[in-house]
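Please read through the structure below; I'll follow up with questions.
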Amino acid sequence: MKQLKFSQHLCFPIYALSRLITSHYQPLLGELDLTYPQYLVMLLLWEHTSMNVKTLGETLMLDSGTLTPLLKRLEAKKLIKRVRSKEDERVVNIQLTAQGTALQQQAGEIPLRLADSLGITAAEAQELRDAITPLLYRLKPALRG
């Protein structure tokens with residue numbers, strides 16, 4: 001049956017590529033003492049300065065059981081701080097510390113160094129992102145149900 005041939009499945013190339021790309025990030029992020037998931041949190045905070053935990057989790061597609069320990073480790077490194085909302089104490093906002101903001105300067109070369117490590121051009125990276133992002137967001141609601 002053709003549909004059960006390994007070579008016909010979409011899942012493996014995406015899974016394997018994700019693991020390989022993440023492995024290329026490891027030495028670069030090691031210089032910053034960040035894991036890949038911590039780097040993703042920092043990317044969002046460098047872009048938005050502050051985000052509530054719920055929005056951060058939804059954006060990264062992480063549940064609170066995964067996100068909370070990750071945030072605690074970033075807080076222990078003094079890169080972020082958790083601040084309860086004055087409007088609604090149930091809402092916890094994540095904000096960059098001065099140290100977290102300063103780390104952005106060090107991280108600035110990571111995208112270029114990663115592309116070089118992967119041997120791809122910026123255009124190829126954009127083409128790949130453009131190809132998979134619509135599917136990712138089309139499937140994202142299925143994670144909730």
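Given (1) touching a strand residue (DSSP E or B) at 6+ places or on another chain (Cβ under 7 Å); (2) modelled with pLDDT of 95 or more, identify the lone condition not met by P37.
So P37 meets the others, but not (1).
Oh, and also: Picking from K54, K81, K77, K72, which residue would you name as being of a type in the set (D, E, K, R), surrounded by 11 or more Cβ atoms within 10 Å (Cβ to Cβ) and within 25 Å of L139 (Cα to Cα)?
K54
What's the total number of residues in the range 83-98 that are assigned to a strand (DSSP E or B) and closer than 18 Å to L34 by Cα?
So the count comes out to 3.
Any residue that is charged (D, E, K, R) and out of contact with any Leu (no Cβ under 9 Å at 6 or more places or on another chain) - is there at least one of those in the range 93-115?
Scanning the range 93-115 turns up no residue that is charged (D, E, K, R) and out of contact with any Leu (no Cβ under 9 Å at 6 or more places or on another chain).
Hey, does the range 53-62 have a residue that's assigned to a loop (DSSP other than H, G, I, E, B) and within 18 Å of L40 (Cβ to Cβ)?
yes
I need a count of the residues in the range 86-126 that are of a type in the set (V, I, T) and either touching a residue at least 60 places away in the same chain (Cβ under 8 Å) or under 15 Å from Q26 (Cα atoms) (or both).
The qualifying residues number 1.
Of everything in the range 25-36, what is surrounded by fewer than 16 Cβ atoms within 10 Å (Cβ to Cβ) and assigned to a helix (DSSP H, G or I)? Give them in sequence order.
Across the range 25-36, the qualifying residues are Q26, P27, G30, Y36.
Only one of S64, S50 is touching a residue at least 40 places away in the same chain (Cβ under 8 Å) and of a type in the set (G, A, S). Can you tell me which?
Within the list S64, S50, the selection yields S50.
Right, another one. Just to check your reading of the model, which residue among T35, T101, T59, T97 is within 25 Å of P141 (Cβ to Cβ) and not aromatic (F, W, Y)?
Result of the check over T35, T101, T59, T97: T59.
If you check every pair at least six apart or on different chains, which have Cβ atoms under 9 Å apart with a residue in the range 1-21 that is in contact (Cβ under 8 Å) with a residue 24 or more places away in the chain first and a residue that is exposed (fewer than 10 other Cβ atoms within 10 Å of the Cβ) and not in a helix (DSSP H, G or I) second?
Close Cβ pairs satisfying both conditions: none exist.
Just wondering, is there one or more residues in the range 86-93 that are of a type outside the set (V, I, T), out of contact with any Gly (no Cβ under 9 Å at 6 or more places or on another chain) and modelled with pLDDT of 95 or more?
Among the residues of the range 86-93, at least one is of a type outside the set (V, I, T), out of contact with any Gly (no Cβ under 9 Å at 6 or more places or on another chain) and modelled with pLDDT of 95 or more, which makes the answer yes.
Only one of (1) on the phi < 0 side of the Ramachandran plot; (2) outside any helix (DSSP H, G or I) fails for P69. Which number is that?
For P69, the exception is condition (2).
Another question, if that's okay. Pick from I132, I110: which is at pLDDT 95 or above and either surrounded by 11 or more Cβ atoms within 10 Å (Cβ to Cβ) or basic (K, R) (or both)?
After ruling out the rest, the residue left standing is I110.
The values are calculated or read from the model by the stated rules, or taken from the named source; none is laboratory data. Everything numeric here is computed off the predicted structure, so don't read it as measured data. Methodologically, a virtual Cβ is constructed for each residue, glycine included, from the backbone with ideal geometry; neighbour enumeration extends over all protein chains shown.
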